[in-house]
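Notes for the one structure printed next.
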Amino acid sequence: MLGWAGKILHVDLAKKTIWTEELDKRLGERFLGARGINAKLLWDLIKEPGIDPLGPKNILIFGCGTLTGTTAPSSGRTTITCKGPATNLYLKSNMGGHWGAELKFAGYDHVVLHDVAENPVYIWIQDENVEIENASDLWGLDVRETTEVLQKDLGDKEIKIACIGQGGENLVRFAAVMNSVYHAAGRGGAGAVMGSKKVKAIAVRGTKDVELWDPDGFRKLALKVRKNLAKDSGAQSLYDYGTSGSLEFVNNLHALPNRNFKYGHLKDPTPLTGQNLVNEEYLLRRVGCFSCTISCHRFVQAKRGPYAGTFTGGPEYENFAALGAQSWLLDTDAIIKANELCNIYGLDAISTGTVLAWAMESFERGVLTKKSMDGIELKFGDADTMIKAIELIAFRKGKLGNLLAEGVKRAAEKVGKDSYKWAICNSKGLEQSNVETRSAKAYALAFAVNPRGPDHLHTETFAEFGASPEAIDLIKKLTGSKKWASPYFTEYRPEIVRWHEDCYAVTDSLGFCAFTSTAAYAVNPENMAELFHLATGIPMNEEKIMLAGRRIITIEKCFNVREGADRRFDDLPWRLMSEPAASGPAKGMMNSKKELNSMLNKYYQLHEWDAKTSWPYKETLEKLDLKDVAEQILKLPNKKKK
Amino acid sequence: MEEKRFLFLDLDACTGCRSCMAACSLLKEQASGLGKSRLWVPKMDGICLAVPVVCEQCANAPCENVCPTRAITRDTKTGALLVDAQKCIGCKECVWACPFGAITVRKGLAIKCDLCDGDPECAKVCIPKAIQFVSLDDGGFKKKWSSLEKRVKALATIVGGR
């Protein structure tokens with residue numbers, strides 16, 4: 001097949017059967033690849049609401065992008081999709097690295113895991129040869145060990161390993177799937193789903209090529225787009241200083257959430273910045289995912305104190321914020337250690353940081369006590385106890401480990417005493433990523449409607465900050481005036497979110513990194529449509545590919561509709577909806593219910609969804625060529641006739 | 001005489017993205033992949049080490065010297081060592097002789113970097129400038145050899161140990 005590898009690999013873990021399915025070109029045209037096709041497969045394979053995400057009926061799908069494995073810049077990303085254990089709702093989680101490209105070279109676009117294995121296994125994919133292998137010897141190993149042992153035993157360092165650490169084995173609800181040791185599909189607990197299926201790893205070695213419809217045309221356009229992206233100022237800064245290179249800028253806006261979202265500004269954020277990693281020589285290497293022009297990933301080594309010598313991949317902006325700012329741990333070396341533990345145990349650093357900060361505040365308020373938590377007390381800024389607690393979480397050790405491994409929503413429900421008020425998750429139940437949504441209104445809306453929970457990885461509306469000429473141009477295109485390029489407005493946020501939603505879905509589905517198209521704006525939908533066309537031979541333009549994006553967003557929404565999630569789930573953490581920002585230009589701003597509601601009303605209207613339930617009308621689905629989906633949801637509202 | 005240029009590979013700048021491999025394959029084989037690339041970038045995941053390796057177009061080239069049919073000759077224009085498909089018998093002598101593993105034999109024909117006739121694709125796609133197409137004046141052989149020494153050591157780390 002052209003563009004796609006053309007095959008979906010199915011593995012039934014209980015029956016120990018393996019089969020392949022030809023990828024239907026029509027499916028590719030409607031849902032593009034990776035995130036899009038994953039979403040459709042999940043919809044089709046989980047036929048009923050209410051299944052246990054950690055039970056045999058959940059399906060775990062890995063998908064690489066339509067353009068993954070090609071020279072399209074920064075197009076090597078992989079999407080993992082399942083019903084999420086943090087939320088009991090739709091989950092897509094995305095990772096960089098080189099695993100996705102290797103899967104494509106082995107001849108598959110998607111891997112679908114059905115049911116659960118009786119004993120620990122790993123899956124070994126070598127082109128057409130696919131085996132389910134015994135993994136009892138691997139069970140209990142961390143991510144680094146698993147990767148090294150498998151590469152050694154299978155005799156090839158080129159084998160790409162996606163695996164879980166102890167976090168996933170012990171069903172921590174925010175366990176990550178890791179690949180190439182340091183690249184995480186972190187959010188939402190896909191690692192726990194993999195653990196529940198008793199799949200320790202998927203090892204891949206592929207020797208094929210990706211065939212393209214117009215190789216020469218593709219090569220030329222990909223090179224042009226690559227050069228454009230290389231010139232982008234955002235991309236350059238990401239190369240120089242990584243994702244945490246922007247941390248000081250965010251802090252200057254008083255938008256760096258810290259001490260469990262109580263404050264937005266640190267007096268001296270230097271230890272948490274990418275500039276510090278470079279200047280103080282923590283940085284050993286800049287690292288790129290497959291075909292990446294940006295190479296924002298870091299490889300660092302701690303230098304001072306008890307954690308000196310620890311080396312790891314990262315820390316990213318989110319890791320510095322979650323494990324540093326939120327816990328008031330302003331110690332680069334300790335954060336590197338905490339980051340390394342998240343990597344090797346396979347834990348999402350965002351959720352890990354959030355549960356720890358919640359626990360610290362709970363101890364401070366006397367809601368958790370040393371006595372009730374096996375003699376452990378977490379305090380803001382206490383590195384050693386925090387690092388110990390990360391281990392307790394990964395192994396679900398003791399009362400504290402077990403409580404926090406459930407994620408902040410369940411932990412607050414268990415502890416009670418109003419602790420939901422400082423639990424930084426929304427009604428869906430996922431911990432919010434480290435964005436100050438009180439002073440970034442499009443982000444606030446995007447976070448509230450994100451089907452997996454409040455974070456920036458379904459829709460990143462970076463343009464609203466107006467931080468680059470490209471961003472300002474886009475805001476002008478979407479709203480009619482560049483004056484709306486400020487995150488403090490609520491006007492036109494629904495329009496801004498709608499464009500970014502579709503663009504992000506296309507980005508993920510083709511395998512592109514968000515830093516190409518919705519955080520930097522160097523790769524636009526027109527480029528993506530043209531590359532898709534040259535790769536697959538299917539005629540495509542900007543309008544059609546953005547419509548495919550909207551179709552993907554809509555089917556993801558439908559998964560949650562089928563689960564019964566309505567408008568009440570589209571909200572933000574209590575603290576952000578009820579307590580104002582503490583300082584800075586946005587002092588006093590909040591994500592109040594009233595403000596959120598006005599944006600939501602417009603957002604649903606733009607989608608042609610019912611404002612009362614937030615559910616799509618039957619007609620909306622039919623218009624998006626989703627009639628088959630509409631037929632399976634019985635209670636869909638009908639559009640009122642005017 | 002035309003100015004001679006060579007590929008300068010910088011271990012410290014290489015991010016291991018393998019864009020060069022995919023680009024080489026796409027240009028030379030009309031398909032994007034790793035298996036048919038003229039370059040290779042072996043890696044070690046745990047320490048994020050990646051070593052770009054390609055034909056060094058050696059001055060006293062073992063491949064040229066051992067070739068029983070004299071199929072490998074130097075292009076006077078670019079300085080690249082080229083394989084004559086008519087003369088090559090696919091015996092792999094050059095593969096064994098190359099100290100860098102920069103030649104493969106596929107379908108009975110030796111395949112190696114030909115510097116894209118003086119306009120190498122790999123250098124074009126390498127944004128971090130780990131692969132640069134430079135003239136002898138841009139630092140000269142000294143730079144080339146120090147880079148090579150570093151890369152060979154790094155390669156030994158990957159191939160030799162854990």
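The table below lists the values:
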quantity: Rounded percent of accessible protein surface that carbon and sulfur make up, region A:263-408, 1.4 Å probe; calculated: 50
quantity: Solvent exposure, largest accessible area first (probe 1.4 Å, DNA, RNA and ligands not counted), of A:M589, B:M21; calculated: A:M589, B:M21
quantity: Computed E for A:D127/B:K129 - FRET, C-beta separation, R0 41 angstrom, nearest 0.05; calculated: 0.75
quantity: Those lysines that a straight Cα-Cα span of less than 18 Å connects to A:K618, excepting residues fewer than 8 apart in one chain; calculated: A:K40, A:K557, A:K627, A:K635, A:K639, A:K640, A:K641, A:K642
quantity: Qualifying lysines (Cα of each under 20 Å from Cα of B:K92; at least 8 residues distant if same chain); calculated: B:K36, B:K107, B:K112
quantity: Distance-filtered residues of region B:80-104 - backbone nitrogen under 13 Å, label point 7 angstrom along B:V66 Cα→Cβ; calculated: B:91-104
quantity: Spin-label model distance (nm) - B:K107 vs A:R568, 7 Å beyond Cα toward Cβ; calculated: 6.5
quantity: Area accessible to solvent at A:R26, 1.4 Å probe radius, in Å²; calculated: 120
quantity: Sites A:V149 and A:R304, calculated FRET efficiency, Cβ-Cβ separation with R0 30 Å, nearest 0.05; calculated: 0.45
quantity: Above-threshold pairs, the threshold being 19 Å between Cα atoms, out of A:K83/A:K409; A:K16/A:K197; A:K104/A:K198; calculated: A:K104/A:K198
quantity: CD proxy at 222 nm, helix term only [per DSSP H run n ≥ 4: -39500 (n - 2.57); per residue of chain A; nearest 500]; calculated: -11500 deg cm²/dmol
quantity: For region B:57-112: rounded, prolate or oblate by the Cα gyration tensor [a/c cutoff 1.5]; calculated: oblate
quantity: A:N601/A:K15 FRET efficiency (R0 35 Å; Cβ-Cβ; nearest 0.05); calculated: 0.15
quantity: P(r) of region A:1-106 over all Cα-Cα pairs, binned every 10 Å from zero, in whole percent; calculated: 14, 45, 33, 7, 0
quantity: Theoretical gain in end-to-end length, A:K593 to A:E608 [0.36 nm per residue, Cα-Cα removed]; calculated: 3.2 nm
quantity: B/A buried area, accessible surface, summed, 1.4 Å probe, Å²; calculated: 3200
quantity: The protein assembly as shown - accessible surface per residue (Å², probe 1.4 Å); calculated: 36
quantity: Whether region A:314-455 is rounded, prolate or oblate, judged on the alpha carbon gyration tensor where a/c under 1.5 counts as rounded; calculated: oblate
quantity: Cut-off 19 Å (backbone N to label point 7 Å along Cα→Cβ of A:N252), residues of region A:266-294; calculated: A:266-279
quantity: Built amide H within the under 5 Å cut-off of B:S37, gap 5+; calculated: none
quantity: Relative contact order (%) - region B:57-112, alpha-carbon pairs under 8 angstrom, separation at least six; calculated: 30
quantity: For chain A: Kirkwood Rh in Å [reciprocal of mean 1/r, alpha carbons]; calculated: 24.2
quantity: A:K417 paired with B:F100, simple spin-label distance in nm, labels 7 Å along Cα-to-beta-carbon; calculated: 6.6
quantity: Taking chain B and dividing mean pair separation by its residue count, relative contact order in percent (alpha carbons under 8 Å, at least six apart); calculated: 30
quantity: Residues of region A:117-158 buried by at least 30 Å² on assembly (accessible area, 1.4 Å probe, chain alone as reference); calculated: A:E148, A:K152, A:K157, A:E158
quantity: Difference of contour (0.36 nm per residue) and Cα-Cα distance, A:Q632 to A:A467; calculated: 55.0 nm
quantity: Potential lengthening between A:L2 and A:N119 on full extension [0.36 nm per residue; Cα-Cα distance subtracted]; calculated: 38.3 nm
quantity: Normalised alpha carbon radius of gyration of region A:7-205 [divisor 2.2 N^0.38 Å]; calculated: 0.91
quantity: Distance (nanometres) between label positions extended 7 Å along Cα→Cβ at A:K267 and A:E29; calculated: 6.4
quantity: Above-threshold pairs, the threshold being 19 Å between Cα atoms, out of A:K220/B:K4; A:K220/B:K28; B:K43/B:K153; A:K477/A:K612; A:K370/A:K417; calculated: A:K220/B:K4; A:K477/A:K612
quantity: Of all accessible heavy-atom area on region A:507-642, the percent that carbon and sulfur account for (1.4 Å); calculated: 53
quantity: Candidate aspartates and glutamates - alpha carbon under 16 Å from B:K144, same-chain residues fewer than 8 apart omitted; calculated: B:D10, B:D12, B:E56
quantity: Estimated vicinal HN-Hα couplings, Hz - region A:151-167 in sequence order (Karplus 6.51, -1.76, 1.60; Gly, Pro = x); calculated: 4, 6, 5, 8, x, 7, 6, 7, 5, 9, 10, 10, 8, 10, x, 5, x
quantity: Whole-number percent relative contact order across chain A, with pairs defined as alpha carbons under 8 Å at least 6 apart; calculated: 15
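The values are calculated or read from the model by the stated rules, or taken from the named source; none is laboratory data. All figures in this text were calculated on a predicted structure; none of them were measured in a lab. Note that we place each Cβ from the backbone using ideal geometry, even for glycine, and neighbour counts take in every protein chain shown. Keep in mind that these areas ignore ligands, DNA and RNA; they rest on the heavy atoms of the full protein, side chains included. Shrake-Rupley method; radii C 1.70, N 1.55, O 1.52, S 1.80 Å.
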